[in-house]
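What follows is a set of notes on a single structure, which appears directly below.
The values are calculated or read from the model by the stated rules, or taken from the named source; none is laboratory data. Treat the numbers as computed from the prediction; the structure is a model and nothing was measured. Counting neighbours? That spans all protein chains shown, and the Cβs are built from the backbone with ideal geometry, glycine included.
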Amino acid sequence: MSFERFHLQPFRQRIEEPRKFIQVIVGPRQVGKTTMVLQLLKNSKVPNYFVSADGTVNSNKYWVEQQWEIARLKKKQAEANEFIFVIDEIQKIDNWSEAIKKQWDYDTNNNIQIKIIILVSSRLLIQQGLTESLAGRFETTYLGHWSFLEMNQAFNWSVNQFVWFGGYPGSASIIDDENRWKKYIIDSLIETSISKDILMLTRVDKPALMKRLFELGCLYSGQILSYTKMLGQLLDAGNTVTLAHYLDLLDTAGLLAGIEKYSNDKLRQRSSSPKFQVHNTALISAQHYETLQSITNKPDAWGRIVESAVGAHLINNSLITGYKMHYWRKGNDEVDFVLEYKRRIIGLEIKSGNSKRASGIQAFERECSPERIIIIGSSGLPWRDFLKMNPVDLFS
């Protein structure tokens, strides 16, 4: 694909910096991490070595050392002052962060200028090996799901196509056959992400329960559901702590988040009932019996998909730009989303045109004194226009 994501230009500038660094690119599967880096290497004047850990034996703890030695030899052969070494699928190697630290410190002590780019598919790795073994040695770039603008520019998608088929570029060529497309999303993305980006990286005592939780979250995306009600829906002998943990794991893999309630009381905020939100609406559509043509003729059902698309747009940009995302509720009053950025808050109410509950805007204003409240959809900012913008610009 010749299309370049908007992330590439600033990342290219960063690579051209003379300093030595470890750059970690993290993001869900099939969002173009490898493609972006290969585009970068192709156009860079700095000699490089790209290698993937996919297919290696996990117990081979010397794999990183062997590949690093090859990179050093290639740098020496090129008679270069600097060199780029890229490792893809690094999570396949046991204790990889310790191995990276050892080789990085060796290069630092011997003044060997090798820039390291690591590609990973789960933010769980940031929480584990990186922060423990590589503290102070790495910088992270998050590469999220494709936005409407990107899918429109790359594939000429309409906004309705984006809302239904989501932001997976690898599936764009098969959307005319929806049954085939749904099978691809389920088998190649959902199942692979759960098995390789969660189950291979951490202990999960009840993988079947986690998968059912994911399916439930997709079904109720955009809705608030208490953990007690979840247990009743899942018919499992688990507990609320287990469900909260599994929901966090699904979030780190870029699948399903549980958004917390906005509150000045952080303890109450963390113990609140989560609001389900998919990271990509394709995760809903692939498990839905409807087609794009049929669902757009059902205003209520289509409205819920649109609201999830707005939420997915918000959550992906939050991971890139750094604002925090919540919902607000008090009694029967509710505001769909609360964005918190540099101690400023904005409320967002989504009106997609379907019949909804009464708004809680006035109650939210009295309780939280937001900087502003923005209605997206009917009588407000058109949701089609909102999907074209960076939500952090709302704070401008």
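Quick check on residue 260: is it touching a residue at least 60 places away in the same chain (Cβ under 8 Å) and among the charged types (D, E, K, R)? Even if it seems obvious, please write down each step before you answer.
Values: touching a residue at least 60 places away in the same chain (Cβ under 8 Å): yes; among the charged types (D, E, K, R): yes.
So residue 260 fits the description; yes.
Test residue 73 against the stated conditions and say whether it is of a type outside the set (D, E, K, R), over 29 Å from the mean Cα position of the chain (by Cα), part of a helix (DSSP H, G or I) and modelled with pLDDT of 85 or more. So that I can check it myself, show each step before the final result.
Values: of a type outside the set (D, E, K, R): yes; over 29 Å from the mean Cα position of the chain (by Cα): yes; part of a helix (DSSP H, G or I): yes; modelled with pLDDT of 85 or more: yes.
Yes: the conditions hold for residue 73.
Could you list, in sequence order, the residues of segment 273-306 that are crowded, with 21+ Cβ neighbours inside 10 Å and part of a loop (DSSP other than H, G, I, E, B)?
Result: 274, 279, 280, 281, 286.
For segment 63-102, what are the residues that are of a type in the set (Asp, Glu) and in contact (Cβ under 8 Å) with a residue 40 or more places away in the chain? Lay out the reasoning, then the answer.
First, pick out the residues of segment 63-102 that are of a type in the set (Asp, Glu): 65, 69, 79, 82, 88-89, 94, 98.
Once the filter is applied, which keeps residues that are of a type in the set (Asp, Glu) and in contact (Cβ under 8 Å) with a residue 40 or more places away in the chain, segment 63-102 yields 82, 88.
Does segment 270-281 include one or more residues that are of a type in the set (Ser, Thr, Tyr) and under 16 Å from the mean Cα position of the chain (by Cα)?
Narrowing segment 270-281 to residues of a type in the set (Ser, Thr, Tyr): 271-273, 281.
Cutting the leftovers down to under 16 Å from the mean Cα position of the chain (by Cα) gives us 281.
Scanning segment 270-281, I find at least one residue that is of a type in the set (Ser, Thr, Tyr) and under 16 Å from the mean Cα position of the chain (by Cα), so the answer is yes.
Out of the strands (runs of 3 or more DSSP E) lying entirely within segment 327-396, which hold 3 or more residues that are assigned by TED's automatic domain parsing to the domain that holds residue 163?
Numbers: elements: 333-341, 344-351, 372-377.
No strands (runs of 3 or more DSSP E) qualify here.
Among (1) free of Cβ contacts under 8 Å to residues at least 24 places away in the same chain; (2) buried (at least 17 other Cβ atoms within 10 Å of the Cβ); (3) not β-branched (Val, Ile, Thr), which single condition is residue 105 missing?
So residue 105 meets the others, but not (2).
List the residue pairs whose Cβ atoms are under 8 Å apart, where the first residue sits in segment 217-239 and is surrounded by 14 or more Cβ atoms within 10 Å (Cβ to Cβ), the second is charged (D, E, K, R) and assigned to a loop (DSSP other than H, G, I, E, B), and the two are 6 or more positions apart or on different chains.
236/206; 238/206
Checking residue 309 against (1) in a helix (DSSP H, G or I); (2) without any contact (Cβ under 8 Å) to a residue 60 or more places away in the chain; (3) under 24 Å from residue 165 (Cα atoms): exactly one of these is not met. Which one?
Among (1) in a helix (DSSP H, G or I); (2) without any contact (Cβ under 8 Å) to a residue 60 or more places away in the chain; (3) under 24 Å from residue 165 (Cα atoms), the lone unmet condition for residue 309 is (2).
Examine segment 34-48 for a residue that is in a loop (DSSP other than H, G, I, E, B), touching a residue at least 60 places away in the same chain (Cβ under 8 Å), assigned by TED's automatic domain parsing to the domain that holds residue 112 and not hydrophobic (A, V, I, L, M, F, W, C), and state whether such a residue exists.
Applying the first criterion (in a loop (DSSP other than H, G, I, E, B)) to segment 34-48 yields 44-47.
Next, from what is left, pick out any that are touching a residue at least 60 places away in the same chain (Cβ under 8 Å): 46.
From what is left, the residues that are assigned by TED's automatic domain parsing to the domain that holds residue 112 are 46.
Retained after the next criterion (residues that are not hydrophobic (A, V, I, L, M, F, W, C)): none.
Within segment 34-48, not a single residue is in a loop (DSSP other than H, G, I, E, B), touching a residue at least 60 places away in the same chain (Cβ under 8 Å), assigned by TED's automatic domain parsing to the domain that holds residue 112 and not hydrophobic (A, V, I, L, M, F, W, C).
Can you find a residue that is surrounded by fewer than 16 Cβ atoms within 10 Å (Cβ to Cβ), acidic (Asp, Glu), more than 15 Å from residue 277 (Cβ to Cβ) and in contact with a helix residue (DSSP H, G or I) (Cβ under 8 Å, 6 or more places away or on another chain) anywhere in segment 199-210?
Yes, that holds for at least one residue.
Output the number of the condition that residue 294 fails; it satisfies all remaining conditions of (1) at pLDDT 95 or above; (2) within 26 Å of the chain's Cα centre (by Cα).
(2)
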